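Values in this text are rule-based calculations from the coordinates and carry no lab data. Please read all numbers here as calculations on a predicted model, not as lab measurements. Virtual Cβ from ideal backbone geometry, glycine too; neighbours counted across all protein chains shown.
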Amino acid sequence: MSFAFRRKRYYQPWLLALLLLGVLPAGWQAGRSGLWVAQARASLHLSNYGMLIGRDGPKAVVVLASASAATSRNAVAPTAKHPATSSDPHSVVGPSTLAPELIDTILAEYGSPAVGQGANFAALGAQYGIDPAFALAFYVQESRCGTRGVARFTHGIGNIRWTPGFPSYEGYRSYPDYAAGIQDWFQLIRTLYVDGWGLQTVTAILPRYAPAGDGNDPAGYAANVEALVAAWRGRQPVVVGRQ
């Protein structure tokens, strides 16, 4: 037996061991990553959706949605362009149907500390392609326009659960001012509910936004929002953006 042949056979077990040491940790790490994704996807519902959403928006949700589009009907990747306005009067997607002045009038009628934010509601609605009439109706439903509950202290309009990157007040996101609180609601609805999950109507959004499992009445909540929006549109002298 030649020296060259003996040397080759001698090193073969060592080469095999080195290869195994490289492959096994990589496979173990991939298995852990796959398990995390599966667990996160299984737990994606309102009562803990905030754990997947950071200060700059639901980036983790977007990644999950893109990665699992083939297997989940709710995994719709966000689109850069806003979808066309729906003909459904209960779709949140579309231009404003309330003038900023009327929004401020309604806020004043509720004795809201957010009076004067009508222009912000309208501007953010235009930015995100969401009719601010629905944002105002959610604000009424959640806290009577900031006059009840934690919204008296958080500057929030939707009682969004706390997530890392935000100040917390009793488990809810807190904001430095109303402009920030209003903006966060529009971003959440646009990015997660409309672009992420493909939900546009109030009745489609509410079972996730305020699920029955958390002690809410999604159907009643949706009916109240729809009734408020319809009543306010009836007060609008000139309907802005809708026929």
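A few remarks follow.
- Distance in nm between pseudo-label sites at Gln127 and Ala230 (7 Å out along the Cβ direction from Cα): 3.2
- Long-range HN-HN contacts of Tyr172 with modeled amide H, under 5 Å: Trp162
- Principal axis analysis of the Cα atoms in segment 85-240 yields extents of 41, 32, 27 Å, listed in decreasing size.
- Ratio Rg/Rh [Cα only; Rh per Kirkwood] for segment 153-243: 1.00
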